[in-house]
Amino acid sequence: MIEDFFKDSTSCIMERLGRVYTHNDEYKHVLRKESVLAEELEHTLSKEHLELVKKYQIAISATMGVCELLAYRQGMRDMGAIMGINNTTGDSDNEDN
């Protein structure tokens, strides 16, 4: 068995999620809505304000990316616990298992 299944599976998880997103109609719909709003902001805000909004969006996206990965990992841990697979390295994302 792989020593650290959860850590080793992260790249596979992210690749699979990317494929899921690109085929999901709801995701594509909200992405289009986001693009429309971004265009509206570009036409409405000053250059300085637009740059600040872009930095804020990057920060929010980074935070949500971490939250998404943590939630997915925890789901994998929960599934592993049900199946009798344990995280043997103690990598618990700073949380108790």
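A few notes on this one:
- 23 Å Cα-Cα reach of K54 towards lysines, excluding residues that sit fewer than 8 places from it in its own chain: K28, K33
- Net lengthening on full extension, M83/L37 (0.36 nm per residue, minus Cα-Cα): 12.1 nm
No value in this document is a laboratory result; all are computed from the given coordinates. It should be emphasised that the depicted structure is a prediction, and the values quoted were computed from it without experimental measurement.
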